[in-house]
Amino acid sequence: MSTYTLLNAGRIIAGPGSIAGIKDVAADLGAERVLIVTDRGVAGAGLIERPRKLLEEAGLRVAVLDDTPPEPEVGQVEAILAAARPHAPDLVVGIGGGSAMDVAKVVAVLLNNAVSLRELVNKTPIARRGVPTLMVPTTAGTGSETTPNSIVLVPEDELKVGIVSPKLMPDCVILDPELTLGLPPAITASTGMDALCHAIECYTSKKGNPFSELLALKAITLISRSIRRAFTTGTDLDARHDMLLGAMYGGMCIATSSTTAVHALSYPLGGKYRIAHGISNAILLPFVMRFNAVGNEEKFRDVALAMGLDVASLSPAQAADAMVDALFALNRDLRIPGDLKRWNITGGDLETLVDGAAKVTRLLDNNPRPMDKADIRAIYEQLI
């Protein structure tokens, strides 16, 4: 085993009502001018009103940019950066889902580095940390609040690209499950399955290590026991709390391990066909896990146990099969499609998808079972 590292946010505050601590965080970071980066859905739901009021009551100047789109493109992030510069913020607060937090993180870095977004996309290193950042997730999915990653869409390549650097790690995180109570069932399902993907992939990844194993199994337990309750009864605060913690642990897994082929095959689905990231991951998850189980049955048995499945008397191979079956059942219960037909993806799209996924070597190289183009094609063929 090689050395391994756990990166984490500087401070994490969690629990119902914890958003009240935002003014103390701002004070501790010495902030005077705060920029909130969010999206119109979050702003329209009123979720930024309390944090903004708390900050303003503390005497801070607060500006809001609420035009973060889903799956943000490079040009859209550049426009948000241009809008941010005149405010000269000394604290950037990302409130929302993964897109808002990813944009907040990369904008904060670009405000403090003489580098362009295009250069970051093309793997130019980030020289220094950006403006201090605070992340406040309103969905339980990406775990972006505790990852050193920002994902942007490069339209000309029809592919998502991950900007990865320890300097993107947030300074502080507030996890308040009360901010997720109004999340619609469909978004609860897609974001929750994204978080489950992170945990399962990172646990089984070739980069897996004692840090990621501990965090991943806890994330799998929390999400598996609560995602159906959060989906059917959105006001269940305990379930929402479990989901938010599970998503954060999944993000922490990414920071020390890595996702694998699920995310690699998902990227062209989002990049070309604009399928929501959580949905494409969820659709792919059981198919990729069925492929990956071969030769990795012991770890898959661990995942099955963490999911709460009764597999103690089964062989590792039988337990792995039960885990895959449980993932198919979970997708059905959450009303997630079992294929890609509703997006009109056909055999004619197959080579484009295969070529796009094969380029994501950063993730495919970590897959526990080697996956070549023929394997990628066989998985996509099952979905179209």
Exercise for the section: Report, largest value first, the span of the C-alpha coordinates of the range 12-180 along each principal axis, in whole Å. Expected result: 43, 28, 25
Problem - Kirkwood Rh, angstrom, the range 1-99 [1 / mean 1/r, Cα pairs] - result: 14.9
Exercise for the section: Return the Cα extents of the range 238-321 along principal axes one, two and three, sorted largest first, each rounded to a whole Å. Expected result: 43, 33, 23
Problem - Disulfide-incompatible cysteines by the Cβ rule (no partner under 4.7 Å) in the chain - result: Cys172, Cys197
Problem - Diffusion constant of the range 91-182 at 4 °C, which comes from Stokes-Einstein with the Kirkwood Cα-pair radius and 1.567 mPa s, µm²/s - result: 97
Exercise for the section: Compute the projected area of the convex hull of the Cα atoms of the range 175-317, averaged over all viewing directions, and report it in nm² to one decimal place. Expected result: 8.6
Problem - Sites Glu298 and Leu181, calculated FRET efficiency, Cβ-Cβ separation with R0 56 Å, nearest 0.05 - result: 0.90
Completion exercise
Cβ density ranking, 10 Å radius, fewest first, applied to Lys105, Lys167, Lys272 yields Lys167, Lys272, Lys105
Exercise for the section: Please give the calculated 222 nm ellipticity per residue for the chain, where each DSSP H segment of at least 4 residues contributes -39500 (n - 2.57) and the sum is spread over every residue; nearest 500 deg cm²/dmol? Expected result: -15500 deg cm²/dmol
Practice task
With label points built 7 Å along Cα→Cβ from the Cα atoms of Val154 and Gln382, find their separation and express it in nm.
Solution key: 3.0
Practice task
Arrange Cys202, Cys253 by Cβ neighbour counts within 10 Å, fewest through most, would you?
Solution key: Cys202, Cys253
Fill in the blank from the handout: Contact order relative to length for the chain, counting C-alpha pairs under 8 Å separated by 6 or more residues, stands in percent at 16
Problem - Estimated inter-spin distance, Arg33 and Thr233, nm [label 7 Å along Cα→Cβ] - result: 4.8
Exercise for the section: Only Cα pairs under 8 Å and at least 6 apart count here; give the relative contact order of the range 149-264 as a rounded whole percent. Expected result: 30
Handout entry: Whichever aspartates and glutamates have a C-alpha closer than 19 Å to that of Lys123, once near sequence neighbours (fewer than 8 apart) are set aside
Key = Glu73, Glu78, Asp102, Glu156, Asp157, Glu158, Asp365
Exercise for the section: Just subtract the alpha-carbon distance of Ala63 and Ala312 from 0.36 nm times their residue separation and send over the number in nm, one decimal. Expected result: 84.2 nm
Handout entry: Filtered trypsin sites (Lys or Arg not before Pro), the range 278-364: DSSP coil and at most 16 other beta carbons within 10 Å
Key = Arg335, Lys359
Exercise for the section: Considering only DSSP beta bridges where both residues belong to the chain, give the percentage that are antiparallel (nearest 5). Expected result: 25
Completion exercise
Long-range alpha-carbon pairs in the chain, meaning those over 33 Å apart, account in percent for 26
Practice task
Please give the contour-minus-distance gain from Asp372 to Glu73: 0.36 nm per residue of separation, less the Cα-Cα distance, rounded to one decimal in nm.
Solution key: 104.8 nm
Problem - Pairwise FRET efficiency - Tyr273 versus Ala329, Cβ, R0 = 30 Å, nearest 0.05 - result: 0.70
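No value in this document is a laboratory result; all are computed from the given coordinates. These figures come from a predicted structure and were not determined experimentally. As a convention, Cβ positions derive from the backbone with ideal geometry for all residues, glycine included, and neighbour counts pool all protein chains shown.
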